[in-house]
Structures are given as C-alpha cells and as structure tokens.
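Asker: Have a look at this one.
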Amino acid sequence: MLIDQIVAAVQAGNDPAIRGLPARLARVADVAVLPRLRRRLYEDVPGCRCGW
C-alpha cells in the first residue's frame, strides 16, 4: 500500500521516494485516506499527543 511506502520512506529519509510517492497517492486516493496517512506518520513521533 502506498501509505506504508510513504511512511517507510519518511522513516528512512529517502528523499526521492518522499518526493514521488505522495504524487502517486494523490492520483489514486480519496480524501478519506489523508487522516490515515497523517496518523501513520505521527505514530513514531516521540511525545506526540496528536489525539489518535
């Protein structure tokens, strides 16, 4: 799934993937996917109180 690939790229600091994967996600995802992506990206942020 693209969300998993985006999260992995962010965690690895993979700049080329970070630039390309969101564009791919934008072509196939709907608005409902965005909160899931945000939640996944913030899961590993120390001290994050994002309310998820």
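Asker: Roughly how many percent of the accessible protein surface of the chain is carbon and sulfur, given a 1.4 Å probe and a whole-percent answer? Don't skip to the end; give the middle numbers.
Answerer: Numbers: 2160 of 3890 Å².
Carbon plus sulfur share of accessible area: 55 percent.
Asker: Measuring from label point to label point, each 7 Å out along Cα→Cβ, what is the Asn14 to Leu34 span in nm?
Answerer: 2.5
Asker: May I ask you to give the solvent-accessible area per residue for the range 1-51, in square angstrom, as obtained with a 1.4 angstrom probe? Intermediate results must be reported in sequence, preceding the final value.
Answerer: On the way: 3760 Å² over 51 residues.
That works out to 74 Å² for each residue.
Asker: Per DSSP helix of 4 or more residues, -39500 (n - 2.57); summed, then divided by the residues of the chain. What does that give at 222 nm, rounded to the nearest 500? Kindly include the intermediate steps, with their values, before the conclusion.
Answerer: Values: 3 runs with 35 residues, N = 52.
For the chain, the value works out to -20500 deg cm²/dmol.
Asker: If you work out Cα extents along the principal axes in Å from the coordinates, which of [x] 36, 23, 15; [y] 43, 29, 7; [z] 31, 25, 14 do you get?
Answerer: Here the calculated entry is [z].
The values are calculated or read from the model by the stated rules, or taken from the named source; none is laboratory data. None of these values were measured; they are calculated from a predicted model. FYI the Cβ positions are ideal-geometry reconstructions off the backbone, even for glycines, and counts take in every protein chain you see. What goes into the accessible areas is simple: the full protein's heavy atoms, side chains included, and nothing from ligands, DNA or RNA. Shrake-Rupley method; radii C 1.70, N 1.55, O 1.52, S 1.80 Å.
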